[in-house]
Amino acid sequence: MDESIDNIANPPSIGSLARMLAINEYKLKAGFKQLYGATIYEYFRKLRMEKAVSFLSGDLSIGEIATQLGYKSQRGFTDFFTEYSAMTPSKWKKSNKRV
């Protein structure tokens, strides 16, 4: 599982994860939800958001961040970030700029 977390731009499918762990998808999903309190998808979105916040604290442009996180467009990343944080990435970056 650590490999999938490190490769956030190209995560394995649930089917691939199930095969890596040698269990069926239903058991994987149910066990994951019980262990982490979230679906695999919700957990992955949270990891992406944490990584996005980390990148926004640095010098990467929003387009570069979108690419690093595996989005096909900057718009897709902006929509994700805004939905998750109720703030656009550029507003977040400006309001959290290090002085």
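Listed conditions (1) free of Cβ contacts under 8 Å to residues at least 24 places away in the same chain; (2) surrounded by fewer than 15 Cβ atoms within 10 Å (Cβ to Cβ); (3) hydroxyl-bearing (Ser, Thr, Tyr) are all met by residue 71, apart from (2).
Does region 67-99 hold any residues that are within 11 Å of the chain's Cα centre (by Cα) and outside any loop (DSSP other than H, G, I, E, B), and which are they? Matches in region 67-99: 68, 77, 80, 81, 84. Against the criterion of being in contact with a Phe, Trp or Tyr (Cβ under 9 Å, 6 or more places away or on another chain) and surrounded by fewer than 14 Cβ atoms within 10 Å (Cβ to Cβ), residue 64 qualifies.
Residues in region 48-66 that are under 16 Å from residue 94 (Cβ atoms), small (Gly, Ala, Ser) and not in a loop (DSSP other than H, G, I, E, B): 52 alone.
Right, residue 87: in contact (Cβ under 8 Å) with a residue 24 or more places away in the chain and among the hydrophobic types (A, V, I, L, M, F, W, C) or not? No, not satisfied.
Where a number appears in this text, it was derived from the coordinates with a stated rule and is not lab data. Please read these numbers as outputs of a predicted model, since none were measured by experiment. Neighbour counts are summed over all protein chains in view; Cβ atoms, including those assigned to glycine, are modelled from backbone coordinates with ideal geometry.
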